[in-house]
Amino acid sequence: MARELILHIGHFKTGTTALQSYLDYNRDLLAEVGLHYAAETRKHAKHSALAFSLLRRAGVSELMHGYASPRPPGRIWQALFDEARALPDGHSLLVSSEEFIRLGAHPAAATLLRQQINQAPDLRFRVIAYLRPPQAHLQSWYNQLVKMGIPVGSFATALSTQMEPIHWDYALALTPWLEIFGAGAVILRPYDPSLREGDALYADFLGALGFPVPPLAEPMPGDPNRRIDPRRLAYHRGLNRVDLPRHVRELMNAHAQASLDSDDGDGPGRALATIRDEARRGIEAVAALPGAALDAETMLAALPDLPEGPAQDLDALIALMAGEIGRLRAHVVSLSGRIGVLEEAARREATPKDPRDPEA
């Protein structure tokens, strides 16, 4: 039976980092059920060198994250094929990198991929990708770009001038994979927030490939790719434009997050639905009093509510910036006082001493 090579190609922001961490953390258990997470080119739990080698040879320089390996693509891919050929009959080798999906935006890199695949006619291939609704994907990708320190503009600017079209044109993103491997070899899965609950994403991924979830498998502790609080996104983007030491940037972001968290309160509080229900009952009760000249309909149309979307985010950002300005002002006052003391000491030191002064 032919050995199989499975390519998990992303998309970005579809739980790829969580999946890669899970596959790497549980690779021994997965190997027992016939799925081997490749050792060749694996770094930080993913296999991005396979994609980067093609992209760099195709002349791509953006978002290469410092990739500088001198190994040519052919040598890298041949080593991967050899690892697959060394597996027991019927077993599968798996590689994963969201960087693969970028080949749809770079036809020259896709051509190089075809050349590599043509060197392994003895292997069977499958491709798997997750897709999420475009707007949710784009907002999450924008958050990621800001978190990485990429000097992006506003969301509108980044969308129109700085993002590759594979982030909204899914047909383009999948074109090389469909053309090289055929539609029958490409598995597409929907990504939505419910997959982040428990083991849902891992079970969905392995089930789509026909493998069971090993009973003892568990996710790697911690959040492998925590996103920026959306309320802090503009603040973080502004810091990216300033040449600050890393520890200063991290401290400022920590202060900002603490400020935003303080707006959330210390406990669960009262649910909005409960507050609205109590207000409704109160209005109905007092409007029914004999001496009440109230327009109950008007009052009931204006029950307690919370600002949402841009208004809420702007309020949080203004509060955050006011706090930062106040903190900087306090530092300036403190430093001014210290500088004043030092200047006075220096002035006294420079003043000629009167020899008749007993303290001189």
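Computed from the coordinates by the stated procedures, all read-outs in this text should not be read as laboratory data. It should be emphasised that the depicted structure is a prediction, and the values quoted were computed from it without experimental measurement. Cβ: placed from backbone, ideal geometry, glycine included. Neighbour counts: every protein chain shown.
Over segment 147-263, calculate the relative contact order: mean separation of alpha carbon pairs under 8 Å at least 6 apart, over the residue count, as a percent.
28
Which residue fluctuates the most in the chain, going by a Gaussian network model with Cα springs under 10 Å, if the choices are 108, 271, 292?
Checking each option, the largest mean-square fluctuation is seen for 292.
May I ask you to sort 81, 211 by Cβ crowding, counting other Cβ atoms within 10 Å and putting the fewest first?
Details: 81 19, 211 16.
Listed from fewest to most nearby Cβ atoms, that is 211, 81.
Could you pull out every residue, at least 5 positions away or on a different chain, whose amide H is within less than 5 Å of the one on residue 124? Hs are placed 1.01 Å off N in the peptide plane, and Pro or chain starts have none.
Close amide H contacts, sequence-distant or interchain: 3, 4, 5.
How long is the gain from residue 348 to residue 211 if the chain were fully straight, where each residue apart is worth 0.36 nm and the alpha carbon distance is subtracted?
Here the segment from residue 348 to residue 211 would lengthen by 41.2 nm.
Considering amide H positions built from the backbone, and no H for Pro or chain starts, which residues 5 or more places from residue 132, or on another chain, come under 5 Å of its amide H?
Residues meeting the criterion, in which the H sits 1.01 Å from N, are 191.
Share of antiparallel DSSP beta bridges in the chain, in percent to the nearest 5?
DSSP beta bridges in the chain are roughly 5 percent antiparallel.
Quick check on segment 1-140: take the gyration tensor over C-alpha atoms, sort the square-rooted eigenvalues as a ≥ b ≥ c, and tell me if it's rounded (a/c under 1.5), prolate or oblate.
Oblate.
Which of 237, 189 comes first, and how do the rest follow, when ranked by fewest Cβ neighbours within 10 Å?
Ascending number of Cβ neighbours within 10 Å: 189, 237.
In percent, how large is the relative contact order of the chain, given Cα pairs closer than 8 Å and 6 or more residues apart?
The value is 19 percent.
Just to be sure I understand: with springs between alpha-carbon atoms less than 10 Å apart, which residue in 43, 147, 13 has the highest mean-square fluctuation in the Gaussian network model of the chain?
Result for the chain, Cα springs under 10 Å: 43 fluctuates most.
Which entry is the computed Rg and Dmax of the Cα atoms in Å for this structure: [x] 21.1, 69; [y] 29.4, 107; [z] 20.1, 62?
[y]
Describe numerically, in nm with one decimal, the distance between label points set 7 Å from Cα along Cα→Cβ at residue 157 and at residue 194.
3.9
Among 64, 220, which comes first, then next, by fewest other beta-carbon atoms within 10 Å?
Fewest-to-most Cβ neighbours within 10 Å comes out as 64, 220.
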